[in-house]
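The next block holds one structure in the form of structure tokens; read it before the comments.
The values are calculated or read from the model by the stated rules, or taken from the named source; none is laboratory data. Bear in mind the structure is a predicted one, so any value in this text is a computation, not a measurement. Note that we place each Cβ from the backbone using ideal geometry, even for glycine, and neighbour counts take in every protein chain shown.
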Amino acid sequence: MPGRWASYVAIGDSFTEGMDDPYGDGTFRGWADLVAGCLAKETDGFRYANLAVRGRLLPAVVDAQVPLAAAMRPDLVTFSAGGNDALRRRFDPVRMIDAFEGAVDRLTSSGATVTLFTPADVTVNYPSATRYLGPRIEFFIGLVQRVAKEYDTHLVDLWSDEGFRDRRLWSIDRLHLNAAGHRRVAHHVLSVLGVECDPDWVAALPAARPDRWMAARRADLQWARVHLAPWIGRRLTGRSSGDTITAKRPELIELERRQHSPR
């Protein structure tokens, strides 16, 4: 059975690794696995690799994952990195421009169809940090849009989807998407690629009940203790959540379709 793409490599950080959309074995599924599963339905022997690792900064993705992806010579590559850099105190926009554009140049030169992303709006979870993050996000969106146009890549514009401003699409850690959020991303990717998928993946959520003030404050305190404090601790000690993690699917091999069917 022929399809437009017979092979696909996903590269990036936790967003592409699939946090927080867990399988039962401690690994994560996420939007890239869902996209691969849909593409596999169109092509017998479809091959898929996912090189993404949580916590990776853009230079690490460019240095380690981009050369591997280019060498695999897949038909399709998705590239999303830079979000972790925007959260760092020593954010360097000039370095980001060079690294991001150089990566896209190398990937497109390998002959792959490349897909880029604007970020989903995570500031809904950090309203007090919008003033700090806003200019960085605006800069990054502009960079992605310019590079996508200049290198004639696909662009998945998550920022324009107001659905991601619903906190129910985000994990309890307020940084990663949950299963519903990943399905929504997968829908956008497949739509850009011209591939049909389940319309329920992008369906509007039912009306939400307003949070009670006391319950919301308890949730804030729990989040700060369980997620924010460890994140700050890693920043202060120069550690990353991905220091002991390796890519979940490091080789471009045939995909077993049943592994990536949606719940």
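Inside the stretch 140-159, residues that are buried (at least 18 other Cβ atoms within 10 Å of the Cβ) and not in a loop (DSSP other than H, G, I, E, B) make up a count of 6. Comparison of 34, 51, 39 shows that the only residue that is more than 24 Å from residue 199 (Cα to Cα) and touching a Leu at 6+ places or on another chain (Cβ under 9 Å) is 51. Restricted to the stretch 1-108, the set of helices (runs of 4 or more DSSP H) holding at least 1 residues that are of a type outside the set (A, V, I, L, M) and surrounded by fewer than 16 Cβ atoms within 10 Å (Cβ to Cβ) comprises 66-72.
Scanning the stretch 22-61 for residues that are within 13 Å of residue 181 (Cα to Cα) and at pLDDT below 95 returns a single hit, 22. Take the conditions surrounded by fewer than 18 Cβ atoms within 10 Å (Cβ to Cβ), without any contact (Cβ under 8 Å) to a residue 40 or more places away in the chain, under 29 Å from residue 42 (Cα atoms) and of a type in the set (A, V, I, L, M, F, W, C) and apply them to residue 129. Does it pass? For residue 129, the condition - surrounded by fewer than 18 Cβ atoms within 10 Å (Cβ to Cβ), without any contact (Cβ under 8 Å) to a residue 40 or more places away in the chain, under 29 Å from residue 42 (Cα atoms) and of a type in the set (A, V, I, L, M, F, W, C) - is not met.
The one condition from (1) at pLDDT below 95; (2) out of contact with any Ser or Thr (no Cβ under 7 Å at 6 or more places or on another chain); (3) crowded, with 16+ Cβ neighbours inside 10 Å that residue 123 does not meet is (2). Among the conditions (1) assigned to a helix (DSSP H, G or I); (2) of a type in the set (A, V, I, L, M, F, W, C); (3) closer than 18 Å to residue 9 by Cα, residue 137 misses just one, which is (3).
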